[in-house]
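The values are calculated or read from the model by the stated rules, or taken from the named source; none is laboratory data. This is a predicted model, so every value here is computed, not measured. For neighbour counting, all protein chains shown are included, and Cβ atoms are generated from backbone atoms with ideal geometry for every residue, glycine included. Side chains included, ligands, DNA and RNA excluded: accessible areas come from the protein's heavy atoms. Shrake-Rupley method; radii C 1.70, N 1.55, O 1.52, S 1.80 Å.
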Amino acid sequence: MKHTYKDFVTGKIHFTRGRFDGWTPGTGLIGAKYAIFRNRASEILVPEYLLTKETRDMITQPEGGKL
């Protein structure tokens, strides 16, 4: 499954094939949560405001796809 997010500097769309593994607690000046994506080799933390709408919708739904 491909999860997409925007690059903060350029605005380009990037993707990761890592598995969504949850959220970090809100941190920083604006209290943003970070989505955790893990694969065999690495872990990527992406702030919630940089996730694309499709990815946000995908990771908030349960496995069956319906709420």
Subset of the range 31-46, residues open to solvent by less than 70 Å² (accessible area, probe 1.4 Å), under 10 Å from GLY18 (Cβ atoms) and not in a strand (DSSP E or B), comes to SER42
Does THR10 satisfy the criteria of being in contact with a helix residue (DSSP H, G or I) (Cβ under 8 Å, 6 or more places away or on another chain) and either part of a loop (DSSP other than H, G, I, E, B) or not charged (D, E, K, R) (or both)? no
